[in-house]
Structures are given as structure tokens and as C-alpha cells.
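This report refers to the structure that appears directly beneath it.
The values are calculated or read from the model by the stated rules, or taken from the named source; none is laboratory data. Bear in mind the structure is a predicted one, so any value in this text is a computation, not a measurement. Positions of Cβ are generated from backbone atoms using ideal geometry, with glycine treated the same way; all protein chains shown enter the neighbour counts. Only protein heavy atoms, including side chains, enter the accessible area calculation; ligands, DNA and RNA are left aside. Shrake-Rupley method; radii C 1.70, N 1.55, O 1.52, S 1.80 Å.
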Amino acid sequence: MTTEAVLQNAFQALASGDRGQIAAVFTADAEWLSPPGNATSIALNATHHMVGRDAIARFFSGDFPRLFARDLAVTFNHFHADGAWGVAEVTVAATLANGNHYAIDYCFVFELRGNLIHRVREYTDTARGHRMVFMGGRLCPER
């Protein structure tokens, strides 16, 4: 399977919200690194550094939908794959739990091990994210 196909499959799994499908695209010891203090992790009282496929799958199937409540859309702007590495520039848009509109650009850097994702580094404009997520107060119920 090509790197591009692995990553397309991964984004489809993430979009499914299905814990099993999400876990299936990551190595057991996978890591997802987001910027420290990002709005999503603060709003959801979640870590910015997830370790293990189960933690990643739990976040995207359970926590993520509590903030990104509806109309979630991911637009691929640019994509590059080379061997065990891939880079995707995407725009994520959604209606948040408090009704605010969310639209922000991300850059994801993927490191693969075989046909599975081993590490994801996420880059985004954290100040813009905070403005969109926290405008109007607290979004999500406590855990």
C-alpha cells in the first residue's frame, strides 16, 4: 500500500468516529503530538500528547465529537508522501458544541511503520483556535 493510500485510509477512519477503525490504522505504540495548550485539548480537558493507539482511538471516537458537534469537513489543500513520511495541509471546519463556527488550517506530518501510522505531529495557529473555541465561554461538559 502506498503512503498516500495509508493516509487516505487513516483520514477516512478518523472521520468515521468508529473506535475500532481508528485504532486499526495506528501502531500499538503510536503517538499524536499536538501543540501544547491548544484549544481542543483545553476545552476537552485532554492531553496534547496521546500515546498508544487506544488513547488516540478513544479521543477521536469519544472526546473529539463533544467539541466538533456537527458539520465536520476536512478539505485537503496539499499532500506529499515519500516512503515512510507524509505531509498533509488541510482545513478543518465544523460547528462547535456552543454553536460557534470553526475553520482553521492544519499541517500534519506523519511517520509510518509499515502500513500503519506510528507518529503524527500536528501544527496549527493556536491563537486563532483559542479565539474560535472560547469565544462565548466554556464549550464542553466536564468529564
Point to revise | Per-region count, region 10-19, residues touching a residue at least 12 places away in the same chain (Cβ under 8 Å), in a helix (DSSP H, G or I), open to solvent by less than 70 Å² (accessible area, probe 1.4 Å) and over 17 Å from Cys107 (Cβ atoms) | key: 1
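Would you mind finding the one in Arg121, Arg58, Arg53 that is touching a Leu at 6+ places or on another chain (Cβ under 6 Å) and modelled with pLDDT of 95 or more? Explain how you work it out, then say what you get.
Numbers: Arg58 fails: touching a Leu at 6+ places or on another chain (Cβ under 6 Å); Arg53 fails: touching a Leu at 6+ places or on another chain (Cβ under 6 Å).
Only one candidate qualifies: Arg121.
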**Study point:** Residues (farther than 24 Å from Arg53 by Cα and not in a strand (DSSP E or B)) located in region 89-131
**Key:** Ala97, Asn98, Gly99, Asn100, Asp125, Thr126, Ala127, Arg128, Gly129, His130, Arg131
Study note, to complete from the structure: Out of (1) of a type in the set (A, V, I, L, M); (2) assigned to a loop (DSSP other than H, G, I, E, B); (3) open to solvent by 50 Å² or more (accessible area, probe 1.4 Å), the one Ala46 does not meet is (3)
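From the list Ala28, Ala84, which one is free of Cβ contacts under 8 Å to residues at least 40 places away in the same chain and farther than 20 Å from Tyr102 by Cβ? Walk me through how you get there before you give the answer.
Numbers: Ala84 fails: free of Cβ contacts under 8 Å to residues at least 40 places away in the same chain.
So the residue among Ala28, Ala84 that is free of Cβ contacts under 8 Å to residues at least 40 places away in the same chain and farther than 20 Å from Tyr102 by Cβ is Ala28.
Quick grid of which residues meet (1) among the aliphatic types (A, V, I, L, M); (2) open to solvent by 40 Å² or more (accessible area, probe 1.4 Å); (3) part of a loop (DSSP other than H, G, I, E, B):
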| residue | (1), (2), (3) |
| --- | --- |
| Met50 | yes, no, no |
| Ala57 | yes, no, no |
| Phe60 | no, no, no |
| Asp63 | no, no, no |
| Arg66 | no, yes, no |
| Leu72 | yes, yes, no |
| Thr75 | no, yes, no |
| Phe79 | no, yes, no |
| Val87 | yes, yes, no |
Practice item. Give Ala103, Ala93 a once-over and let me know the one that is without any contact (Cβ under 8 Å) to a residue 24 or more places away in the chain, out of contact with any helix residue (DSSP H, G or I) (no Cβ under 7 Å at 6 or more places or on another chain) and either farther than 18 Å from Ala15 by Cα or open to solvent by less than 30 Å² (accessible area, probe 1.4 Å) (or both). Key: Ala93
Check your understanding: Which residues, taken from region 106-124, are among the polar types (S, T, N, Q) and open to solvent by less than 50 Å² (accessible area, probe 1.4 Å)?
Key -> Thr124
Practice item. Within region 20-32, work out how many residues are open to solvent by 50 Å² or more (accessible area, probe 1.4 Å) and hydrophobic (A, V, I, L, M, F, W, C). Key: 2
